[in-house]
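Presented below is the structure to which this report refers.
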Amino acid sequence: MTTRLYFDDAYLTRWTTRVKDRLEREDGVYVVLEESAFYPHGGGQPNDTGRIGDIPVLDVISEGDEVLHKVERIPEELEVGCEIDWDRRFDHMQQHSGQHLLSAVCREHGAMTLSFHLGSDSCTIDVDRTDLPAELLAAIEREANRHIYLNHRITGYFVTEEEASRLPLVKPPKVVDRVRIVEMEGVEYNGCGGTHVSGTGAIGMIKLLKTEKQKGHVRIFFKCGYRALSEFQEQQQVLGAVTARLKTGRDGIMERLDKWEDEQKGLQSELDARKEAMDEVTVGQLLAKQEGGRIAHIFADKPLKELQNLAQKLIAQCDAGVLLATEAEHKVVLAHSGRLPLSCSAFFKEHLASYGGKGGGSDKLAQAGFSSWPEALAFYEFAEQALL
């Protein structure tokens with residue numbers, strides 16, 4: 001049985017121990033130590049990394065009473081010095097302790113935590129609420145950070161099943177032998193095998209980022225400690241860049257953005273009007289070109305949406321079949337007003353594959369795309385001869 005040193009001291013980063021077993025598996029090699037402070041992933045918390053001797057620890061897993069350490073190679077020595085990646089460990093301690101505190105505050109507001117995920121960037125808890133209004137989220141965040149400032153002591157210890165039954169645990173423990181309790185003084189008792197900071201003050205801060213609906217519940221995204229500080233610093237950099245570009249202070253940003261939005265709407269309206277006028281000119285020119293009940297034209301750079309709009313305008317003013325293509329996007333559009341004995345989509349379905357095209361539509365209008373312009377042009381010329 002591996003002695004798990006992190007239960008007694010989550011701040012232990014260096015120790016010396018002996019290698020008691022070596023394992024070779026399909027996914028790599030593992031060693032078992034007599035004593036280990038490396039935390040194996042589980043309970044929503046990722047594993048520790050570090051070094052055994054000069055060998056990097058890649059993964060840590062728990063199997064029964066043993067802790068297995070996946071390493072790049074098997075150490076030759078029986079007695080080895082070990083070292084935890086402290087930055088990673090302390091980050092996980094801040095996030096996990098922060099989650100306990102956040103979940104405790106959420107419970108006070110009728111939101112029981114259903115699950116917890118400690119990700120590499122942010123953390124999440126899912127709570128059994130269908131919604132969390134912004135005012136309630138702000139109140140939860142303030143209350144959680146108030147408990148951080150009070151610096152409640154956090155301790156971990158083992159009790160028997162009988163002793164655990166007398167504690168006001170958040171939920172019944174999964175184990176029935178030695179139950180590990182993480183006590184946040186004055187806040188909660190929680191059955192947990194993870195690593196935690198020694199007091200709520202070391203969580204630093206808790207910042208709620210956003211919420212999402214998740215299978216009838218609410219998922220809260222948050223960051224604690226140094227992660228929250230980094231988030232604030234990054235947001236400040238963005239805010240500074242925005243205020244510099246807009247030549248205003250923070251309080252003037254929304255006013256400037258509202259003004260910019262109004263200007264953009266005005267410009268877009270003017271652009272739409274000019275485009276509409278140009279389309280009318282183009283429609284007139286194409287109508288004048290119709291020959292033998294057909295209108296066919298190739299554009300150099302019009303996007304598909306504009307081809308479709310032009311086709312709609314043309315068939316609204318004539319009974320001719322309309323075939324348009326755009327060289328820039330390798331697209332072809334076929335349309336008619338409904339008075340021709342032709343299904344555009346059926347024609348495309350029958351012939352597109354022969355030219356490497358894909359597309360579809362309705363009886364009156366269909367569109368197709370090709371991987372190259374020569375393929376699109378070949379289909380265009382075929383359709384012009386076959387139909388129009």
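In the chain, the longest principal axis of the Cα atoms and the axis of helix 86-108 are about 80 degrees apart. The heavy atoms of TRP15 present about 30 square angstrom of accessible area, all protein chains included, probe 1.4 Å.
Taken as Cα centroids, region 209-234 and region 260-300 sit 47 Å apart, rounded to the nearest whole angstrom.
Compared with the direct C-alpha span, the chain from ASP9 to GLU261 gains 85.1 nm at full extension, assuming 0.36 nm per residue.
Largest first, the residues LEU304, LEU101 sort by 1.4 Å accessible area into LEU304, LEU101. Put a dot 7 Å past the Cα of THR16, heading toward its Cβ, do the same for ASP319, and the two dots end up 10.1 nm apart.
Could you tell me whether region 292-366 comes out rounded, prolate or oblate from its Cα gyration tensor? Rule is a ≥ b ≥ c as square roots of the eigenvalues, rounded for a/c under 1.5, then prolate if a/b exceeds b/c, otherwise oblate. In terms of gyration-tensor shape, oblate. For a straight C-alpha distance cut-off of 17 angstrom, the lysines reachable from LYS289 (same-chain residues fewer than eight places away being disregarded) are LYS313.
Between the residues LEU342, GLY50, GLY186, the greatest Cα displacement towards the positive end of the dipole of the chain, with unit charges on the Cβ of Lys, Arg, Asp and Glu, is found for LEU342.
Surface exposure of region 165-222, expressed per residue as accessible area with a 1.4 Å probe, stands at 54 Å². Calculate what fraction, in whole %, of the accessible area of region 247-388 sits on carbon and sulfur atoms when a 1.4 Å probe is rolled over the protein chains. Solvent-exposed carbon and sulfur of region 247-388 make up 51 percent of the total. Here is the link list: LYS207/LYS259; LYS265/LYS305; LYS331/LYS364; LYS171/LYS207; LYS210/LYS259; LYS213/LYS302. Which ones come out longer than 29 Å on Cα distance? Violating the 29 Å limit, Cα to Cα: LYS207/LYS259; LYS213/LYS302. Think of it as helices only: each DSSP H run of n ≥ 4 in the chain is worth -39500 (n - 2.57), and spread over all residues that comes to -12000 deg cm²/dmol at 222 nm. Here region 1-146 exposes an accessible surface that is 46 percent carbon and sulfur, computed with a 1.4 Å probe and the other protein chains kept in place.
With only Lys, Arg, Asp and Glu charged, each at its Cβ (+1 for the first two, -1 for the last two), find how big the charge dipole of the chain is about the Cα centre; round to the nearest 20 debye. Before the final figure, lay out the partial values.
On the way: 46 positive and 62 negative charges, 215 e Å.
I would put it at about 1040 debye.
Hey, any idea what Rg/Rh is for the chain, computing Rh the Kirkwood way over Cα pairs?
Values: Rg = 33.3 Å, Rh = 27.2 Å.
With Rh from the inverse mean 1/r over Cα pairs, Rg/Rh is 1.22.
Per residue, region 300-376 exposes 48 Å² of solvent-accessible protein surface, assessed with a 1.4 angstrom probe and all protein chains in place. Against the chain, whose longest principal axis comes from its Cα atoms, helix 225-246 is set at around 30 degrees.
Non-local amide H neighbours of LEU340 (under 5 Å, H modeled in plane, Pro and chain starts lacking H): which ones? Hits under the 5 Å cutoff: none. Loop-resident GluC sites (Glu not before Pro) (DSSP state other than H, G, I, E or B) in region 1-70 with no more than 16 further Cβ atoms inside 10 Å of their Cβ: GLU26, GLU34.
For region 17-74, the set of trypsin sites (Lys or Arg not before Pro) satisfying both a DSSP loop assignment and a count of at most 16 other C-beta atoms within 10 Å is given as ARG73. From the Cα gyration tensor of region 129-173, with a ≥ b ≥ c the square roots of its eigenvalues, which class applies: rounded if a/c is under 1.5, or else prolate if a/b is larger than b/c, or else oblate? It is oblate, given that a/c is not under 1.5 and a/b is not larger than b/c.
Rounded to 0.05, the FRET efficiency of the ALA273 and THR130 pair, given R0 = 45 Å and the Cβ-Cβ distance, is 0.50. Database remark: amide H of GLY50 closer than 5 angstrom to the amide H of VAL57, ASP85 (H placed geometrically; neighbours at sequence offset of 5 or more, or on other chains; Pro and chain starts carry no H).
What FRET efficiency would be calculated for the residue pair LYS210, GLU291, taking the C-beta separation as r and a Förster radius of 41 Å, to the nearest 0.05?
Working: r = 59 Å, r/R0 = 1.44.
According to the calculation, E is roughly 0.10.
Computed from the C-beta positions of VAL281 and VAL238, the FRET efficiency with R₀ = 30 Å rounds to 0.10. Most tightly packed first, judged by the mean number of other beta-carbon atoms within 10 Å of their residues, the peptides 133-140, 310-317 read 310-317, 133-140.
Counting only residues at least eight positions apart within a chain, or on another chain, the aspartates and glutamates with an alpha carbon under 14 Å from that of LYS247 are GLU255.
The values are calculated or read from the model by the stated rules, or taken from the named source; none is laboratory data. Note that the structure is predicted; figures quoted are calculated from it, not measured. Please note: Cβ atoms are built from the backbone with ideal geometry, for glycine as well, and neighbour counts cover all protein chains shown. SASA here: full protein model, heavy atoms, side chains in, ligands and nucleic acids out. Shrake-Rupley method; radii C 1.70, N 1.55, O 1.52, S 1.80 Å.
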